């Protein structure tokens, strides 16, 4: 983003980004994680090296990291929800940067000089 743009150009770009903020579906602010592990049962396939794969999401809840198991039939949908969340987060960050650039492009009123009382 070029901060040397005119206020009108910044405003048009900001309006364009704000229009894109409409979600296209469910939004999930989380990471989708796949892990493989052993169950520990004797004679299971995981003891021969083929581990059990599971998918979960991790997210922050009141400052703590939480995880939730994702059923195998929902993994594709949940990945789309997380991608939509990342898209919206990126747009919000860009809108914030544009708003700051818009504020900085406005001329500032000259400040009065403060003099010490005699």
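The values are calculated or read from the model by the stated rules, or taken from the named source; none is laboratory data. Everything numeric in this text was worked out from a predicted model, so none of it was measured. Quick reminder, even Gly has a Cβ in these numbers, built from the backbone with ideal geometry, and neighbours come from all protein chains shown.
The set of residues in the stretch 1-49 being without any contact (Cβ under 8 Å) to a residue 12 or more places away in the chain and within 16 Å of the chain's Cα centre (by Cα) consists of 22 alone.
Residues that are in contact with a strand residue (DSSP E or B) (Cβ under 8 Å, 6 or more places away or on another chain) and in a helix (DSSP H, G or I) were ranked within the stretch 64-118; the one that is surrounded by the fewest Cβ atoms within 10 Å (Cβ to Cβ) is 72. All conditions in (1) at pLDDT 95 or above; (2) farther than 13 Å from residue 30 by Cα hold for residue 49, with the sole exception of (1).
Quick one: is residue 20 at pLDDT 85 or above, under 26 Å from residue 99 (Cα atoms) and surrounded by 12 or more Cβ atoms within 10 Å (Cβ to Cβ)? Criteria met by residue 20.
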